[in-house]
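*Asks:* My structure is below; once you've seen it, I'll send some questions.
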């Protein structure tokens, strides 16, 4: 089971790391792949992805290692978010991995309702 990752609302300049594996837990070779991180609120009935400004960077293609560089404005609202990473190889293959839930914690000070 993939554990949720907690991050803080409006923080940026850090990395969310991923290792992409096949069904046998072997790393997927990411050479030549274009990667995209998709994020959606778990409470959004419209199934609309968040608009992210950062990029998914391949760290070690043979090891399936990559990271998303969180950009300013990526997580403006607290909540629980679903994630997936999509890899596309020149239109010949597309693979999608369901990632961990992201729990975006409210930045302090916060209003108490």
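*Asks:* Provide a single number: the residues in the stretch 79-102 that are surrounded by 15 or more Cβ atoms within 10 Å (Cβ to Cβ) and either assigned to a loop (DSSP other than H, G, I, E, B) or within 13 Å of the chain's Cα centre (by Cα) (or both).
*Replies:* 11
*Asks:* Same structure, new question: Could you tell me which numbered condition residue 80 fails, if it satisfies all but one of (1) without any contact (Cβ under 8 Å) to a residue 40 or more places away in the chain; (2) in contact with a strand residue (DSSP E or B) (Cβ under 7 Å, 6 or more places away or on another chain)?
*Replies:* All conditions are met except number (1).
*Asks:* If only one of 74, 59 is modelled with pLDDT of 95 or more, closer than 16 Å to residue 9 by Cα and surrounded by 12 or more Cβ atoms within 10 Å (Cβ to Cβ), which one is it?
*Replies:* Details: 59 fails: closer than 16 Å to residue 9 by Cα.
On inspection, the qualifying residue turns out to be 74.
*Asks:* I want to confirm something. Restricting to the stretch 40-50 and keeping residues that are in contact (Cβ under 8 Å) with a residue 12 or more places away in the chain and part of a strand (DSSP E or B), which single residue is farthest from residue 80 (Cα to Cα)? Write out each step before concluding.
*Replies:* Going residue by residue through the stretch 40-50, those that are in contact (Cβ under 8 Å) with a residue 12 or more places away in the chain are 40-43, 50.
If we keep only those that are part of a strand (DSSP E or B) as well, we get 40-41.
On the way: 40: 9, 41: 6 Å.
Ranking the candidates gives 40 first.
*Asks:* Suppose the filter is free of Cβ contacts under 8 Å to residues at least 60 places away in the same chain and outside any strand (DSSP E or B); does residue 108 pass it?
*Replies:* Values: free of Cβ contacts under 8 Å to residues at least 60 places away in the same chain: yes; outside any strand (DSSP E or B): yes.
For residue 108, the condition - free of Cβ contacts under 8 Å to residues at least 60 places away in the same chain and outside any strand (DSSP E or B) - is met.
*Asks:* Could I ask something else about it? Any residue in the stretch 11-27 that's touching a residue at least 24 places away in the same chain (Cβ under 8 Å) and on the phi > 0 side of the Ramachandran plot: show its pairings with residues that are assigned to a loop (DSSP other than H, G, I, E, B) and exposed (fewer than 15 other Cβ atoms within 10 Å of the Cβ) at Cβ separation under 9 Å, as long as the two are six or more apart or on different chains.
*Replies:* 13/71; 13/72
*Asks:* Could you look through the stretch 8-39, keep only residues that are part of a loop (DSSP other than H, G, I, E, B) and in contact with a strand residue (DSSP E or B) (Cβ under 7 Å, 6 or more places away or on another chain), and pick out the one that is farthest from residue 82 (Cα to Cα)?
*Replies:* Pass one, the stretch 8-39, residues part of a loop (DSSP other than H, G, I, E, B): 9-14, 20, 22-26, 28-32.
Next, from what is left, pick out any that are in contact with a strand residue (DSSP E or B) (Cβ under 7 Å, 6 or more places away or on another chain): 9, 20, 28, 30, 32.
Working: 9: 15, 20: 17, 28: 22, 30: 22, 32: 26 Å.
Per the stated criteria, the residue is 32.
*Asks:* Quick test of your reading of the structure: residue 53 fulfils all but one of (1) part of a loop (DSSP other than H, G, I, E, B); (2) over 15 Å from the mean Cα position of the chain (by Cα). Name the failing condition by number.
*Replies:* (2)
The values are calculated or read from the model by the stated rules, or taken from the named source; none is laboratory data. All values derive from a computational prediction rather than experimental measurement. Backbone-built Cβ (ideal geometry, glycine too); neighbour counts: all protein chains shown.
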